[in-house]
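Below is the structure I would like to discuss, written out as structure tokens.
The values are calculated or read from the model by the stated rules, or taken from the named source; none is laboratory data. Values in this document were obtained by computation on a predicted structure and should not be read as measured data. Every residue, glycine among them, receives a Cβ derived from its backbone with ideal geometry; neighbour counts consider all protein chains shown. Areas reflect the complete protein model, heavy atoms only, side chains present, ligands, DNA and RNA absent. Shrake-Rupley method; radii C 1.70, N 1.55, O 1.52, S 1.80 Å.
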Amino acid sequence: MNQQNTIQNPEAQVPKTPQMNDRDFTNDMLSTEKYLTDSYSTALNEASNEPLYQDLLSIFTETQNMQRELYDLMFQKGWYKLEAADQQKLQQSYQQFKGYSNQFPYGNTTIH
């Protein structure tokens, strides 16, 4: 990854030992929350019972919020890097998908 295109906070140092450290534990929790969010999303799509759907939706929301908090923590501590988007690629994607609007079944809906 090109250093100029990397978005990252200064990395909080953790011990370099065979044992799991704070970064390892936090990364493991983040991965678990991502997996749970995906699983609850599938369950929501397939729930036919309304009370069950509402319970799953509540759990999904809590799980998604925890995933975001863990991501924020990792980013703040410099343990999560992002790659800056290339403006030219963004513009190309925008133009590509903007052109798909004429294929919408209910008229030419504009993408903003």
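Tally up the residues in segment 46-56 that are surrounded by 14 or more Cβ atoms within 10 Å (Cβ to Cβ) and assigned to a helix (DSSP H, G or I), please.
The number of residues fulfilling the criteria is 2.
So Y53 clears everything in (1) under 25 Å from G78 (Cα atoms); (2) more than 15 Å from the chain's Cα centre (by Cα); (3) of a type in the set (F, W, Y) except one condition, right? Which one?
(1)
Between residues in segment 29-45 that are within 14 Å of T61 (Cβ to Cβ) and surrounded by 14 or more Cβ atoms within 10 Å (Cβ to Cβ) and residues that are basic (K, R) and modelled with pLDDT of 95 or more, which pairs lie under 8 Å by C-beta distance while being six or more apart or on different chains?
The qualifying pairs do not exist here.
Still on this structure, I have one more. Which of the residues spanning segment 16-28 are open to solvent by 80 Å² or more (accessible area, probe 1.4 Å) and outside any helix (DSSP H, G or I)?
K16, P18, Q19, M20, listed by residue number.
If we keep just the residues of segment 80-100 that are open to solvent by less than 90 Å² (accessible area, probe 1.4 Å) and assigned to a loop (DSSP other than H, G, I, E, B), which is nearest to E11 (Cα to Cα)?
Top of the filtered list is Y80.
Shifting gears a bit: Just for segment 3-15: of the residues that are touching a strand residue (DSSP E or B) at 6+ places or on another chain (Cβ under 8 Å) and surrounded by fewer than 14 Cβ atoms within 10 Å (Cβ to Cβ), which one is nearest to L70 (Cα to Cα)?
Top of the filtered list is I7.
Out of all the residues in segment 63-79, which are polar (S, T, N, Q) and open to solvent by 60 Å² or more (accessible area, probe 1.4 Å)?
Within segment 63-79, Q64, N65, Q76 meet the criteria.
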